[in-house]
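The values are calculated or read from the model by the stated rules, or taken from the named source; none is laboratory data. Source: prediction; values computed, not measured. Backbone-built Cβ (ideal geometry, glycine too); neighbour counts: all protein chains shown.
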């Protein structure tokens with residue numbers, strides 16, 4: 001029984017070593033520094049203004065999400081006095097979503113919420129082949145309509 005156990009252990013060690021060394025990726029011969037699905041840093045920025053008079057809106061909550069109806073976000077920020085927001089998140093998809101929500105009531109005017117799909121697929125990533133690196137998209141001027 002002990003001979004079978006030793007033989008089985010050695011055979012298993014050889015098979016595992018063989019499988020482990022055969023998993024080299026096809027991107028130039030080197031191994032990636034980490035394992036699993038590569039992720040990237042995604043950045044989205046923009047300026048939120050009122051549709052009626054192009055005045056920047058302060059205090060709008062901006063959330064970067066992986067899915068349009070996700071209950072959590074990768075990053076949450078609020079627009080500053082110039083209406084600017086900068087979001088950052090880590091994911092492995094080329095399509096993310098920005099949810100803009102007016103949460104301060106009448107303080108800076110009341111505006112309808114807006115969801116924006118952000119497609120990063122046509123933007124070149126900065127970084128190595130293994131880690132897809134970093135990508136940024138400027139959403140420009142985003143106009144929110146006032147609530148009636």
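Can you name every residue in the range 49-97 that is in a strand (DSSP E or B) and closer than 15 Å to residue 119 by Cα?
64, 65, 87, 88, 89, 90, 91, 95, 96, 97
Would you check which residues across the range 63-75 are crowded, with 16+ Cβ neighbours inside 10 Å and more than 12 Å from the chain's Cα centre (by Cα) and list them?
Answer for the range 63-75, where residues must be crowded, with 16+ Cβ neighbours inside 10 Å and more than 12 Å from the chain's Cα centre (by Cα): there is none.
Does residue 143 satisfy the condition of being assigned to a loop (DSSP other than H, G, I, E, B), over 19 Å from the mean Cα position of the chain (by Cα) and modelled with pLDDT of 95 or more?
It is false that residue 143 is assigned to a loop (DSSP other than H, G, I, E, B), over 19 Å from the mean Cα position of the chain (by Cα) and modelled with pLDDT of 95 or more.
Are any residues in the range 98-133 surrounded by 14 or more Cβ atoms within 10 Å (Cβ to Cβ), modelled with pLDDT under 85 and part of a strand (DSSP E or B), and if so, which ones?
109, the sole residue that qualifies.
Would you confirm, using the coordinates I've provided, whether residue 101 is in contact with a strand residue (DSSP E or B) (Cβ under 8 Å, 6 or more places away or on another chain), free of Cβ contacts under 8 Å to residues at least 60 places away in the same chain and more than 18 Å from residue 137 (Cα to Cα)?
Considered against the rule, which asks whether it is in contact with a strand residue (DSSP E or B) (Cβ under 8 Å, 6 or more places away or on another chain), free of Cβ contacts under 8 Å to residues at least 60 places away in the same chain and more than 18 Å from residue 137 (Cα to Cα), residue 101 comes out as yes.
May I ask you to verify whether residue 139 is touching a strand residue (DSSP E or B) at 6+ places or on another chain (Cβ under 8 Å) and surrounded by 18 or more Cβ atoms within 10 Å (Cβ to Cβ)?
For residue 139, the condition - touching a strand residue (DSSP E or B) at 6+ places or on another chain (Cβ under 8 Å) and surrounded by 18 or more Cβ atoms within 10 Å (Cβ to Cβ) - is not met.
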